[in-house]
Amino acid sequence: MKNTGLGRRYLKERGGWWHYQRRVPSRYGDIDDRGLIQIALRTQSIEVAMMRRDGLAEADEAMWNAKALELMGPNGDRTAWRVADHRHKAAVSRAMAQGFVYRPVEEIAALPDLEEIVERLKATDRGKAPTEAKAEALLGGVPEPEDKTTVSEAFELYVSKIAFDDQYNKSDAQRRSWEKTKRTSIDYFIEQIGDIPLTEITRDVATKYRDWWQSRMLPQKNGSKPITPNTANRHIGNMRSLYKRYFKYRGETDVEDPFRGFFFAGKSTVKRASFSDQWVRSRILVPGLFDGLRLELRVIIYLLIETGARLSEVVNLRPEDIRLDHDVPHIHIRAEQNRELKTDDSQREIPLVGVALPAMKFCPTGFDHYYDRSTLVSANLMKAFKQRDLLPSSDHVIYSLRHSFEDRMLEGGLDYGLRCALMGHKNNRPEYGQGGSLAYRREQLHRIAHPFDSEMFGC
């Protein structure tokens, strides 16, 4: 039984014995004439009483919901299923509160132990008057309804409960981004197939969805760019994850995945956009170019250029991660309790060289105004770059500064292990080293640092 957080609500003690007592909510007065509900819990233990109270409370809520839906009148299979689902949940909870495991009537009839059957019958008669709800719960009178949970309903459950572990260490902004990405995949499926129950996603349905993605990977008649295999795989993978994890959450581990084996091989041949050294030096590192732009944003630009860090990593630096008084001034990129990094290898220390060092001194404690707001920073910087005509092509974005840093290291002959360490990439060739000391890293980065004018900040 889940923890309802009710405390001692609906519990009354009489002579050392606990009772379940609550009034029927006024909104349900027309469908439940009990008025004041009083049920002996047959225990002197508060812990046991609370567990049984929780079961009865859940059962009553489910029963009221079922009866309310019935009064609303027929509304197709959805309403019928919801009524049946609420009735079944009520029966399961009420049986548990009485100390029994809910069993369908067929299973009860086949029990080899007649004593359990007798106990169930006795419990049905126990109390002032037997009720239909109690009889259904103890004698298995409510069949388990066919699951009609739709894709959108399953996704809401996925976000709120099923994928809790996926979100546990994310910040609010990271959690919103995570959900937005997943929801986009779900919306694509609903748009093409419909918001159907998960139980109706057959292999044929999944194949139809897969074929639609395949059609989008081909040249488009409207001239739009074909999507990449990675994009298609990501969206199909998100639907696969929803399907498998939903049924696992329900305890149905033997459900066959209709999306099994759907994977598009192939790699994009499009080269990632990168700013050339000449472009950075002649167009971006220009004194006075960013006058009027908020100081924090200017500092962030220069840090991105000379550290190769991800925008979110720079924006979310904490004061203790900015070490200007160290023998080798540097920033420490690491995870925190409510914020995770992209990968485990992303944790790293990056010496401040070139324009990054004097820039960081203007914001020695970080960027409080923009903390956990990397999307806003990205939008502001893109606007600033577009206004100043700083994007060589439509493929260039702020993230291109990270690609430029990586290209500079490669072209400058920096060791593979060092490049991995500074970029936060996994080192697949450990024999080439792990990046060396901070002093060594600084020495190597000085070799590729951009020259800059000392009047860069106009101060």
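State which residue pairs qualify: first residue free of Cβ contacts under 8 Å to residues at least 60 places away in the same chain and inside segment 346-365, second residue polar (S, T, N, Q) and surrounded by 22 or more Cβ atoms within 10 Å (Cβ to Cβ) in any location, beta carbons under 7 Å apart, and separation of 6 or more residues or different chains.
What qualifies is ALA356/THR307.
If you check GLU252 against the conditions, is it closer than 27 Å to THR375 by Cα and of a type in the set (Asp, Glu)?
Judged against the criteria, GLU252 is not a match.
From the list LEU410, LEU381, LEU376, pick out the single residue that is surrounded by fewer than 15 Cβ atoms within 10 Å (Cβ to Cβ) and within 27 Å of the chain's Cα centre (by Cα).
Going through LEU410, LEU381, LEU376 in turn, just one is surrounded by fewer than 15 Cβ atoms within 10 Å (Cβ to Cβ) and within 27 Å of the chain's Cα centre (by Cα): LEU376.
Got a sec? Which of SER404, SER378, SER393 is part of a loop (DSSP other than H, G, I, E, B) and in contact (Cβ under 8 Å) with a residue 12 or more places away in the chain?
When all the criteria are applied, what remains is SER393.
For segment 347-354, does any single residue satisfy the condition of being among the hydrophobic types (A, V, I, L, M, F, W, C) and in contact with a Phe, Trp or Tyr (Cβ under 8 Å, 6 or more places away or on another chain)?
No - not one qualifying residue is present in segment 347-354.
Could you say which residue among GLY16, GLY35 is at pLDDT 80 or above, within 22 Å of THR124 (Cα to Cα) and in the same structural domain as ALA123 (by TED's automatic domain parsing)?
GLY35
Can you tell me which of ASP172, ASP211, ASP165, ASP204 is under 24 Å from LEU376 (Cβ atoms), loosely packed, with under 13 Cβ neighbours inside 10 Å and acidic (Asp, Glu)?
Result of the check over ASP172, ASP211, ASP165, ASP204: ASP172.
In this structure, is ASN222 over 24 Å from ILE333 (Cβ atoms) and of a type in the set (S, T, N, Q)?
yes
From the residues in segment 214-236 that are in contact (Cβ under 8 Å) with a residue 24 or more places away in the chain and not hydrophobic (A, V, I, L, M, F, W, C), which one is surrounded by the most Cβ atoms within 10 Å (Cβ to Cβ)?
HIS235
Mind checking which residues of segment 3-26 are surrounded by 15 or more Cβ atoms within 10 Å (Cβ to Cβ), assigned to a strand (DSSP E or B) and hydrophobic (A, V, I, L, M, F, W, C)?
The answer is LEU11, TRP18.
Tell me the residue from ARG234, ARG240, ARG245 that is in contact with a Pro (Cβ under 9 Å, 6 or more places away or on another chain) and assigned to a helix (DSSP H, G or I), please.
ARG240
Among ARG281, ARG272, which is the only one that is assigned to a helix (DSSP H, G or I) and outside the structural domain of THR199 (by TED's automatic domain parsing)?
The conditions single out ARG281.
The values are calculated or read from the model by the stated rules, or taken from the named source; none is laboratory data. What you see is a predicted model, and the numbers here were worked out from it, not measured in a lab. Counting neighbours? That spans all protein chains shown, and the Cβs are built from the backbone with ideal geometry, glycine included.
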